[in-house]
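Report on the structure given below.
The values are calculated or read from the model by the stated rules, or taken from the named source; none is laboratory data. All values reported here derive from a predicted model rather than from experimental measurement. Every residue, glycine among them, receives a Cβ derived from its backbone with ideal geometry; neighbour counts consider all protein chains shown.
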There are 4 protein chains.
Amino acid sequence: MIVVVKPNTREEDIQRLIKVIEAQGVKIHYSKGVDHTILGIVGDTTLIDTDKIRSNQIVKDVLRVQEPYKKANRLFHPEDTIVDVAGRKVGEGTISIFAGPCSVESEDQVVSIAKSIKASGATFLRGGAFKPRTSPYAFQGLGYEGLDLLKIARKATGLPIVSEIMSLEQLPAFEDVDIIQVGARNMQNFILLKELGKIDKPILLKRGMSATMKEFLMSAEYIMKEGNDKVILCERGIRTFETATRNTLDISCIPVLKRQSHLPIIIDPSHATGLSWTVEALSKAAIAVGADGVMIEVHNNPEEALCDGEQSITPERFDKIMTTLKKYAEFENKVM
Amino acid sequence: MIVVVKPNTREEDIQRLIKVIEAQGVKIHYSKGVDHTILGIVGDTTLIDTDKIRSNQIVKDVLRVQEPYKKANRLFHPEDTIVDVAGRKVGEGTISIFAGPCSVESEDQVVSIAKSIKASGATFLRGGAFKPRTSPYAFQGLGYEGLDLLKIARKATGLPIVSEIMSLEQLPAFEDVDIIQVGARNMQNFILLKELGKIDKPILLKRGMSATMKEFLMSAEYIMKEGNDKVILCERGIRTFETATRNTLDISCIPVLKRQSHLPIIIDPSHATGLSWTVEALSKAAIAVGADGVMIEVHNNPEEALCDGEQSITPERFDKIMTTLKKYAEFENKVM
Amino acid sequence: MIVVVKPNTREEDIQRLIKVIEAQGVKIHYSKGVDHTILGIVGDTTLIDTDKIRSNQIVKDVLRVQEPYKKANRLFHPEDTIVDVAGRKVGEGTISIFAGPCSVESEDQVVSIAKSIKASGATFLRGGAFKPRTSPYAFQGLGYEGLDLLKIARKATGLPIVSEIMSLEQLPAFEDVDIIQVGARNMQNFILLKELGKIDKPILLKRGMSATMKEFLMSAEYIMKEGNDKVILCERGIRTFETATRNTLDISCIPVLKRQSHLPIIIDPSHATGLSWTVEALSKAAIAVGADGVMIEVHNNPEEALCDGEQSITPERFDKIMTTLKKYAEFENKVM
Amino acid sequence: MIVVVKPNTREEDIQRLIKVIEAQGVKIHYSKGVDHTILGIVGDTTLIDTDKIRSNQIVKDVLRVQEPYKKANRLFHPEDTIVDVAGRKVGEGTISIFAGPCSVESEDQVVSIAKSIKASGATFLRGGAFKPRTSPYAFQGLGYEGLDLLKIARKATGLPIVSEIMSLEQLPAFEDVDIIQVGARNMQNFILLKELGKIDKPILLKRGMSATMKEFLMSAEYIMKEGNDKVILCERGIRTFETATRNTLDISCIPVLKRQSHLPIIIDPSHATGLSWTVEALSKAAIAVGADGVMIEVHNNPEEALCDGEQSITPERFDKIMTTLKKYAEFENKVM
């Protein structure tokens, strides 16, 4: 970390600042330039609060040279992390397909979809039991019953299951869930992240709608710091001024995060755009850009089939998409 | 709510759609236009999921004519809500000043600041006990001890106290806190909001960094729906492309939210810009634009005073700001 | 277009509004609902100013059912537009590669790069002669001399050339340029767009940094309305809160714009992220998602080669990327 | 400017980099730290392209310590700039009110509004002759005739006039306009800015919708570098994810820009929110926060009066707002 001191600062004030910083367990390399004095901070700067230093009256600017995350940092962990989930590998070299309904609605629904997507080659069954909804009047999910239905579908197909946790006290009910998902709205629910760091279970961490990539990795760090390094990242769109899509898929974050971190990362195009007819094109792009998988929402509403047909992704539509994605995975020399 | 059906849709498909919508407890007013058929939905549309209707193949677009919130809606509650906190009124006609340190650090610190801001005319003492920090390595607050110190400061000054809750299981410890603050990162922690709706205590709800005004009111609705209508809104800056300030204070939200809702709303300029030298100007603007109060971070670091002096808001600086703000409040015919 | 009138509006005020709207050459379909009166506007609504109607006191909301662009609209022009540039086709079925230096610096530089990229299979030589720079102190390009150097490089290689126009009075100098580029900062320079609509030459229109997809198409419409329908769109990143990349590549705009418009669209990953090591991955994603081409910045700085080597895209690096992209194009059954 | 070199870089590569940088006319202060080598660049760094240095393979990061603008920088020009416009002062100590119709429509309209706003105390008459419209089908303004009508209104009232230029070739027609406005969409039309820098006339420069404050000042610098230092800045809202208002008024930019620059700055609330009922509250906030004036859209549509009455700002409504603003100006000890 580098601290630039304002020109014409009194030497005694600089020495006072050095003492304050060194009290945080680091050393200072002092360099008097022509215009500015520069303090190079040597040691573990992850603990240093740059905002606090920046607010000091004699400080012109602070530049963090090392990223503030360690466990998630590729610098200290050059090889790719492969997360093992019930024998399936998630990470570099493999394309994982997370598929299933947005909300678990009934045994019939979830078992039927699970069988279909299994046949099409999906790796994991995802389904929402607890649903974070903007409106308190909207359907909030089946809750614990939803988790039970997912387990029935798992038994019927062998597909490991993924579901979203919304609050700490739900944790015991997730003991037998294969991957616990943390949704975008909880990406900075630090209390929840810490507890998830204390268990030995894969965590699928979705990027917050207005989280920078650095903040995204800091949230992964919250989990990893407590001992759980089975973190799978998921890009699901960020909030921008554009309204033609629900969010803006930040596809560039794949190469950038791959360079900064060793964690696997997947893409959720369904939530990014909110437009199911974009999912196939974006899933292909996800594999092409280097993502380790995609999450795809699959519906089956027999009674509304005629109406919904073209727009939503039915098991039949999903099967066709999978055929394309498999070719892409093969083309990229990845297992799928 | 108005549903526009695509041109050239078969009548039987329209009838099928009408059935699906009416099954949700509303009535349809059918209007066949030259180009488009329009379905006017009559009744309580707060329960209707517009995204679901929009995803229907024969639907061109959906327009929500009524806002999806009821309890927070000025339409159904024209008079301003005044929240009573230990005898102090928060809301129209009064300017409330929430002041205190970002983090509670020691008894000396918090009692000393509390006495100073009391003398300057602050209405409430705010102080962080549980601190949501982007980095797991940063100071996370004194926790329960911090709440105890706030209560000591309250006893010493009579100022009601405000502190942030970060998770549901902390709720019992907040029983004797006068206002419970929900931070920006928890604005859509719906499980927490629901529980806060079941208690009889004022809630200070901060706007999420990427929350629209509508989503902000929907989060207030989560609390109010459960029975607690003592909600105070707080604008604290939204995330934009601008980096000269930490966030962008959305000051226009004051007149807009005042028109849409009857809830009191205050402004937190300290967090919006992260630049303490902007606080005075923005606090004046807050009163001028019609906010019901401001939240100001006040520090006292005797040993770092020389360095920090000009930039941060010490009790002395706060006292001067208060003198100006009182004149503004008087000018606007408000009690402060 | 649908106008929703507020409840309890007097009939005479509605009639007055109808007259105002009908005076703009459209017809009104009047529908009195239970809560709201709805006016369906029939006819060519591209001329109607929705903001003006929305500002009317008795109007609750306005919903535009038809897009306000016509020439660029796929609805009225279902087949894909293929732009012919000196015998090369740009559009559906073909992957076009626009490559070359950001700035033209010397004859040696541009001819040498042109020969290299030609050998690697590029379709067009792009090079900046007039450079829009944020700082007035930065290098502003060689200007007219730069255009001359591009023509020399074209003569040496046969590659058609693309360069950016910054102002109307430069237009005569572009007479012999194969494609005129309009940069992001000029996407809403309407006077320039209109004039470019009057010539018979392909226009490469870059999306503005904060332009919605709709505004992007409206700018294309400005050109097409005057008679020039040879418009090629280019997505080059939008401005968001993320700072790890210079801009955020909005890759989802490809399927969305392809559905809304018949115009060809390419992607410029170099400008989107500002990180040359992301260009290969994003170019692959561009072809996978359905873009009609990519624009890639290619450098050659022999004297700085050691330093710049890994990070920037030299002709050698470009050649390797092209090998990969050709496989992708083939895989997608496209000519490249 | 400070360049941080990556750890373990070979000394010869550092020396090569130093040569490349020093070739740009600056000196290097070399400092070898424990982890990183730091190069402090001494001299006029406004000419240095940080992106180019950052792209160098051995560079970890670059920190600009001095702002890249000089003429607009308060550091080199501590006293406030007061722009003199036909005897009226714009700048610190004075509140200037720019009022008038969005578009000039007829002599009657503009003269009538001009007389009214003059009577209410406005300082300048603004009116659009050339209108930048998103749609090519929308009314584009009266053009040169509009400028003539503004001059008639000036003659009738004595109010100096302000109007927007859209392109360089319109410049001769603006010779007798008192203040030339550069709209948000032209804020980075660098060719236009340069030419405006060569004339001796006040320029009202509006902030681009996605321009940072730094870019805003760099655009002012383009004008000032050529010799014209009569620049008045205008904040008119930036583009964010919020849709309840047309743009988001970035009110914090007033104290920040006042600290960084000596130029006067005004606020345009009408364009920021697109909601005329927010204009009064935001204008008060503008004065409270320290802006040097406000720009207010004033309409008069006698035939649509009944409908438009409450929502738009008629001369009568404007007169009432002015009464309030005068009290605010007086309260802030400013002339209005």
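Mind counting the residues in region C:131-160 that are without any contact (Cβ under 8 Å) to a residue 40 or more places away in the chain and touching a Gly at 6+ places or on another chain (Cβ under 7 Å)?
Of the residues in that region, 2 qualify.
Confirm whether D:Val65 is within 9 Å of chain A (Cβ to nearest Cβ) and either more than 30 Å from A:Asp44 (Cα to Cα) or buried (at least 17 other Cβ atoms within 10 Å of the Cβ) (or both).
yes
From the list D:Ser252, D:Ser261, which one is in contact with a Leu (Cβ under 9 Å, 6 or more places away or on another chain), facing chain B (nearest Cβ under 10 Å), polar (S, T, N, Q) and buried (at least 24 other Cβ atoms within 10 Å of the Cβ)? Walk me through how you get there before you give the answer.
Details: D:Ser261 fails: facing chain B (nearest Cβ under 10 Å).
Exactly one of D:Ser252, D:Ser261 is in contact with a Leu (Cβ under 9 Å, 6 or more places away or on another chain), facing chain B (nearest Cβ under 10 Å), polar (S, T, N, Q) and buried (at least 24 other Cβ atoms within 10 Å of the Cβ), namely D:Ser252.
Testing A:Met187 on (1) modelled with pLDDT of 95 or more; (2) within 11 Å of another protein chain (Cβ to nearest Cβ); (3) more than 19 Å from the chain's Cα centre (by Cα), one condition comes back false. Which one is that?
The failed condition is (3).
Can you find even one residue in region B:79-98 that is more than 30 Å from B:Lys327 (Cβ to Cβ), modelled with pLDDT of 90 or more and out of contact with any helix residue (DSSP H, G or I) (no Cβ under 7 Å at 6 or more places or on another chain)?
no
From the residues in region A:28-47 that are of a type outside the set (Ser, Thr, Tyr) and more than 22 Å from D:Arg64 (Cα to Cα), which one is surrounded by the most Cβ atoms within 10 Å (Cβ to Cβ)?
Going through the qualifying residues, I end up with A:Gly43.
Among the residues of region D:196-222 satisfying the criterion of being farther than 30 Å from B:Gly237 by Cβ and more than 9 Å from chain C (Cβ to nearest Cβ), which is nearest to the chain's Cα centre (by Cα)?
Out of the qualifying residues, it is D:Ile203.
Which pairs turn up if I take residues in region D:234-251 that are under 13 Å from A:Thr243 (Cβ atoms) and look for partners that are hydrophobic (A, V, I, L, M, F, W, C) and outside any loop (DSSP other than H, G, I, E, B) with beta carbon separation below 6 Å, at least 6 apart in sequence or on another chain?
D:Ala244/B:Met213; D:Ala244/B:Val256
Based on what the data block shows, is A:Val83 within 13 Å of chain D (Cβ to nearest Cβ), touching a residue at least 60 places away in the same chain (Cβ under 8 Å) and of a type in the set (A, V, I, L, M)?
Details: within 13 Å of chain D (Cβ to nearest Cβ): no; touching a residue at least 60 places away in the same chain (Cβ under 8 Å): yes; of a type in the set (A, V, I, L, M): yes.
No: the conditions fail for A:Val83.
Quick one: would you say B:Pro132 is within 30 Å of A:Leu217 (Cα to Cα) and surrounded by fewer than 20 Cβ atoms within 10 Å (Cβ to Cβ)?
Judged against the criteria, B:Pro132 is a match.
From the list C:Ile95, C:Ile18, C:Ile2, exactly one residue is in contact (Cβ under 8 Å) with a residue 60 or more places away in the chain and more than 11 Å from every other protein chain (Cβ to nearest Cβ). Which is it? It would help to see each step written out before you state the result.
Working: C:Ile18 fails: in contact (Cβ under 8 Å) with a residue 60 or more places away in the chain; C:Ile2 fails: more than 11 Å from every other protein chain (Cβ to nearest Cβ).
One residue alone meets the criteria, C:Ile95.
Would you please name the residue that is modelled with the highest pLDDT, looking only at residues in region A:23-74 that are of a type in the set (Ser, Thr, Tyr) and more than 27 Å from A:Asn8 (Cα to Cα)?
Initial filter on region A:23-74 (of a type in the set (Ser, Thr, Tyr)): A:30-31, A:37, A:45-46, A:50, A:55, A:69.
Filter once more, so that each one left must be more than 27 Å from A:Asn8 (Cα to Cα): A:46, A:69.
Working: A:Thr46: 79, A:Tyr69: 93.
Out of the qualifying residues, it is A:Tyr69.
Quick check on my filter: what residues within region D:1-27 are crowded, with 20+ Cβ neighbours inside 10 Å and either basic (Lys, Arg) or part of a strand (DSSP E or B) (or both)?
D:Ile2, D:Val3, D:Val4, D:Val5
Quick one: how many residues across region A:98-120 are part of a helix (DSSP H, G or I), surrounded by fewer than 17 Cβ atoms within 10 Å (Cβ to Cβ) and not small (Gly, Ala, Ser)?
Selection size over region A:98-120: 3.
Looking at region D:144-161, is at least one residue closer than 24 Å to C:Ile165 by Cβ and out of contact with any helix residue (DSSP H, G or I) (no Cβ under 6 Å at 6 or more places or on another chain)?
Initially, region D:144-161 is screened for residues closer than 24 Å to C:Ile165 by Cβ, giving none.
Among the residues of region D:144-161, not one is closer than 24 Å to C:Ile165 by Cβ and out of contact with any helix residue (DSSP H, G or I) (no Cβ under 6 Å at 6 or more places or on another chain), which makes the answer no.
For residues in region B:122-143 being of a type in the set (Gly, Ala, Ser), assigned to a loop (DSSP other than H, G, I, E, B) and under 23 Å from the mean Cα position of the chain (by Cα), which is nearest to B:Ser283 (Cα to Cα)?
Top of the filtered list is B:Ala122.
Restrict the check to region C:99-116 and report whether at least one residue is more than 30 Å from C:Phe139 (Cα to Cα), without any contact (Cβ under 8 Å) to a residue 40 or more places away in the chain and touching a helix residue (DSSP H, G or I) at 6+ places or on another chain (Cβ under 9 Å).
No, region C:99-116 has no match at all.
Restricting the search to region C:29-43, which residues are more than 7 Å from every other protein chain (Cβ to nearest Cβ) and either among the small types (Gly, Ala, Ser) or touching a Gly at 6+ places or on another chain (Cβ under 7 Å) (or both)?
Passing the criteria: only C:Gly43.
Looking at region A:44-62, can you tell me whether even one residue there is basic (Lys, Arg), within 30 Å of A:Leu159 (Cβ to Cβ) and touching a residue at least 40 places away in the same chain (Cβ under 8 Å)?
Taking region A:44-62 as the starting set, the residues that turn out to be basic (Lys, Arg) are A:52, A:54, A:60.
Within this subset, residues satisfying the condition of being within 30 Å of A:Leu159 (Cβ to Cβ) are none.
Checking region A:44-62: not a single residue is basic (Lys, Arg), within 30 Å of A:Leu159 (Cβ to Cβ) and touching a residue at least 40 places away in the same chain (Cβ under 8 Å).
Among the numbered conditions (1) over 30 Å from D:Val298 (Cβ atoms); (2) away from chain B (no Cβ under 14 Å), tell me where C:Ala23 comes up short.
C:Ala23 satisfies every listed condition except (1).
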